[in-house]
Amino acid sequence: MKNFLKYRELWLLAGIMLLIGLISIRFPGFADPANLRQVFNDTSILMILALGQMVVILTRSIDLSMASNLCFTGMVVAMLNAAHPAIPIPMLIVIALAVGLVLGAINGFLVWRLNIPSIVVTLGTLTIYRGATFVISGGAWVNADQMSPDFIGFQRAAFLGIPVLSWIALLVIALFFVVMTRTAIGRSIYAIGVNPTASVYAGINVGRTKFIVFCISGMIGGLAGYLWISRYVIASVEVANGYELNIIAACVIGGISIAGGIGSVGGAVLGALFLGIISNALPVINISPFWQMAISGSAIILAVVLNARGERRQGRIILRKAEAA
Amino acid sequence: MTDTPAPRHIPDRLDKPLSSAIFSWEALLVVIAVLIFAVNSFASPYFLDPWSLSDLTFNFTEKGLIALAMALLIISGEIDLSVAAIVALASTMMGMAVQAGAGTPVLVAIGVVVGLACGAFNGLLVTRLGLPSIVVTIGTMSLFRGIAFIILGDQAYKGYPESFAFFGQGYVWWVVSFELTLFLVAAVIYWFILHRTSFGRRVFAIGNNPVACQFSGVRVGRTKFILFCLTGLMSGIASVLITSRLGSTRPSIAQGYELEAITMVVLGGVSILGGAGSILGVVLAAFIMGLVTFGLGLLNVPGIVMSIFIGLLLIIVIALPIVWRRLREGRFA
């Protein structure tokens, strides 16, 4: 049974291997460890975001405001850095987490206390947070020359041969893995997605757990905000416009069911990697980057068709696992 | 996505028609519309001019046309996030036809047919394969717009025939544009379909309980398929209007329209969980969004700041009745 549970992730992994193999035929250097490390690094931000989105989707909710949160928080830390270059980077990361947390808590509060469906709340905050970015920046950009060398260099510094950005991604993945599989809150998140009514009777505070979940996705959005801005060294209102759907796409490809309760940390990571590999590979195998959108669209449809088979069975297996534990 | 629906309160007898009309969602929207209208007239001397008001309608007619069909789809418990991408794809196909020398009637036919075909594709995936529509349409959204990007890249199609410009720029009578006329006619048709036909009753019934509908002999799959086709069709029509109004096609055309159309629908009082809503509400919401964006535009407020107001409007209008009810019951938070 346990092997069966990893079925979906294994299939996805096989698909990724096949993809890398196909690309290698056209461009032999692609499967090089150094290049794959680069691809991982390039996909780090999407992986982190997909994990944040995953916990929300698991509870049958959705967070459409993550990309706007990223944009707003990124602008806040960029402006702080431009105005006060002396603030150390770890402090800025804490600020980014805190700002993201506040934005996420606003979503969570509206979902929890007012019972407004999350898609409506985050559709509203999606436009509000991006608009707020314009208000705080006055429409101006923060350019590379206004950012301190530390601000740009922190995530690029190599530690044990791997950039800090990749380390942050690995840390977040490990953290999510522990929380989702080894803690009560992780179990509650799955339980709410599988059966909210039964969760109430099991003593889970559904509303508060949803609030926590939005706080998590908010903090992730904030963290990704700093990482995104320091990576692409420009902060503007247009940052990550429309990216919320890429994040959801990564989750869907990773086998996370939009109906809640089904999905894993590994799936979200692999789903993001799949999209990351496609966007990295297209230029090197001489396919116009304009193909990327159609390809990822087809991948989403294909993934959801494949995932729909046996989704019901999968749900029961998770329950059985919980019973056994 | 599918949050647990609140238990329905079933009253012993229905409210009196008058009081239920006064306390209805539509009445709230009318009050808000009048308020915004009044504020706008005070804030800008240019607002109360027939031509200004006519320009105002262009802010919502295209999205409004899509929102009408989207309302039915959301009432039935589904959603279509690919509408803006359908607009882009239909517009690209029309652009290709122009390069091949097609005339205006052919262009319109292509726009409408491409829209219908895209909607049917969504409908097939959702109803035949039993997939969740939100995921399917996120996928087809990338796919449809992706095809437009493959065909166009960073280019643009221009050179639409002069007679084609009528749809997006023409006036039927004095300041009444063709777009506004089409929107109002479509609103009446959709009102009739939703509120006066058995098909409309089925749409509500499916949104409330698809399983019970299935057992009652309603063809749930086929009804939903028709709704997806209608949404695609309206997107195709909107594409004709937008392309005609702009006179050019870029693959990024109509970006973000899907969220604005959905905002209109939700603001119009349609339950995002399905099963409730009215066309009148959606039409009022379309007017309100047009009023807000146009009024702020006259005050030189940038578009991105307008979006804050739209977002706040959405959340506050949805939250108001909930907060109000809790305050009356004295058990807030």
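The values are calculated or read from the model by the stated rules, or taken from the named source; none is laboratory data. Being a predicted model, the structure only gives us computed values, none of them experimental. As a convention, Cβ positions derive from the backbone with ideal geometry for all residues, glycine included, and neighbour counts pool all protein chains shown.
Please verify whether B:ALA69 is surrounded by fewer than 24 Cβ atoms within 10 Å (Cβ to Cβ), at pLDDT 95 or above, more than 14 Å from every other protein chain (Cβ to nearest Cβ) and outside any loop (DSSP other than H, G, I, E, B), treating the condition exactly as stated. Answer is no for this residue. Looking only at residues of the range A:295-308 that are of a type in the set (A, V, I, L, M), closer than 13 Å to B:THR137 by Cα and within 7 Å of chain B (Cβ to nearest Cβ), we find that the one that is surrounded by the fewest Cβ atoms within 10 Å (Cβ to Cβ) is A:VAL305. Quick one: is A:ILE204 in contact with a Lys or Arg (Cβ under 7 Å, 6 or more places away or on another chain) and surrounded by fewer than 24 Cβ atoms within 10 Å (Cβ to Cβ)? Considered against the rule, which asks whether it is in contact with a Lys or Arg (Cβ under 7 Å, 6 or more places away or on another chain) and surrounded by fewer than 24 Cβ atoms within 10 Å (Cβ to Cβ), A:ILE204 comes out as no. Here is a check on your reading of the model: is A:SER236 within 12 Å of chain B (Cβ to nearest Cβ), surrounded by fewer than 24 Cβ atoms within 10 Å (Cβ to Cβ), closer than 27 Å to A:ALA174 by Cβ and out of contact with any Pro (no Cβ under 8 Å at 6 or more places or on another chain)? For A:SER236, the condition - within 12 Å of chain B (Cβ to nearest Cβ), surrounded by fewer than 24 Cβ atoms within 10 Å (Cβ to Cβ), closer than 27 Å to A:ALA174 by Cβ and out of contact with any Pro (no Cβ under 8 Å at 6 or more places or on another chain) - is not met. Tell me which residues, restricted to the range A:84-124, are within 14 Å of chain B (Cβ to nearest Cβ) and not hydrophobic (A, V, I, L, M, F, W, C). Selection gives A:ASN107, A:GLY108, A:ARG113, A:ASN115, A:PRO117, A:SER118, A:THR122, A:GLY124. Would you confirm, using the coordinates I've provided, whether A:GLY255 is crowded, with 24+ Cβ neighbours inside 10 Å and either more than 18 Å from A:PHE177 (Cα to Cα) or of a type in the set (Gly, Ala, Ser) (or both)? When the stated conditions are applied, A:GLY255 passes them.
Scanning the range B:312-333 for residues that are within 13 Å of chain A (Cβ to nearest Cβ) and either without any contact (Cβ under 8 Å) to a residue 24 or more places away in the chain or surrounded by fewer than 19 Cβ atoms within 10 Å (Cβ to Cβ) (or both) yields a count of 15. The set of residues from the range A:263-300 being in a loop (DSSP other than H, G, I, E, B) and touching a helix residue (DSSP H, G or I) at 6+ places or on another chain (Cβ under 6 Å) comprises A:GLY263, A:ILE285. Could you please let me know if B:SER82 is modelled with pLDDT of 80 or more, polar (S, T, N, Q) and surrounded by fewer than 21 Cβ atoms within 10 Å (Cβ to Cβ)? No.
If you filter the range A:52-68 down to residues that are of a type in the set (Val, Ile, Thr) and assigned to a loop (DSSP other than H, G, I, E, B), you find that the one that is nearest to the other protein chains (Cβ to nearest Cβ) is A:ILE62. B:SER163 meets all of the listed conditions (1) outside any loop (DSSP other than H, G, I, E, B); (2) out of contact with any Asp or Glu (no Cβ under 7 Å at 6 or more places or on another chain); (3) crowded, with 18+ Cβ neighbours inside 10 Å; (4) of a type in the set (Ser, Thr, Tyr) but one, namely (3). The requirement of being within 14 Å of chain A (Cβ to nearest Cβ), within 22 Å of B:THR223 (Cβ to Cβ) and in contact with a helix residue (DSSP H, G or I) (Cβ under 7 Å, 6 or more places away or on another chain) is not satisfied by B:SER76.
Quick grid of which residues meet (1) over 18 Å from B:ILE74 (Cα atoms); (2) not charged (D, E, K, R):
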| site | (1), (2) |
| --- | --- |
| B:TRP174 | yes, yes |
| B:PHE178 | yes, yes |
| B:VAL185 | yes, yes |
| B:ARG202 | no, no |
| B:ASN208 | no, yes |
| B:GLY217 | yes, yes |
| B:GLY232 | no, yes |
| B:VAL240 | yes, yes |
| B:GLY247 | yes, yes |
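The number of residues in the range B:241-291 that are in a loop (DSSP other than H, G, I, E, B), touching an Asp or Glu at 6+ places or on another chain (Cβ under 8 Å) and more than 14 Å from every other protein chain (Cβ to nearest Cβ) comes to 1. From the residues in the range A:69-83 that are within 17 Å of A:LEU97 (Cβ to Cβ) and of a type in the set (Gly, Ala, Ser), which one is nearest to the other protein chains (Cβ to nearest Cβ)? Checked the range A:69-83; the qualifying residue nearest to the other protein chains (Cβ to nearest Cβ) is A:GLY74.
The residues of the range B:117-156 that are surrounded by fewer than 22 Cβ atoms within 10 Å (Cβ to Cβ), more than 8 Å from every other protein chain (Cβ to nearest Cβ) and either over 21 Å from A:ILE287 (Cα atoms) or aromatic (Phe, Trp, Tyr) (or both), listed by number, are B:ALA117, B:ALA120, B:PHE121, B:LEU124, B:THR127, B:ARG128. Every condition in (1) at pLDDT 85 or above; (2) out of contact with any strand residue (DSSP E or B) (no Cβ under 7 Å at 6 or more places or on another chain) holds for B:ALA333 except the one numbered (1).
Of the set (1) without any contact (Cβ under 8 Å) to a residue 24 or more places away in the chain; (2) assigned to a helix (DSSP H, G or I), all apply to B:GLY217 but (2).
Being closer than 26 Å to A:GLU238 by Cβ, aliphatic (A, V, I, L, M) and buried (at least 16 other Cβ atoms within 10 Å of the Cβ) is a condition met by at least one residue of the range A:136-147. Got a number for residues in the range A:174-193 being surrounded by fewer than 21 Cβ atoms within 10 Å (Cβ to Cβ) and either assigned to a helix (DSSP H, G or I) or in contact (Cβ under 8 Å) with a residue 24 or more places away in the chain (or both)? Adding up the residues that qualify gives 11.
Of the numbered criteria (1) free of Cβ contacts under 8 Å to residues at least 40 places away in the same chain; (2) among the small types (Gly, Ala, Ser); (3) within 10 Å of another protein chain (Cβ to nearest Cβ), the one A:ALA140 fails is (3).
Within the option set B:ALA33, B:ALA27, B:ALA38, being in a helix (DSSP H, G or I), surrounded by 13 or more Cβ atoms within 10 Å (Cβ to Cβ) and free of Cβ contacts under 8 Å to residues at least 12 places away in the same chain holds for one residue only, B:ALA27. Against the list (1) at the interface with chain B (Cβ under 10 Å from one of its Cβ atoms); (2) within 19 Å of A:ILE45 (Cα to Cα), the condition A:ILE128 fails is (2).
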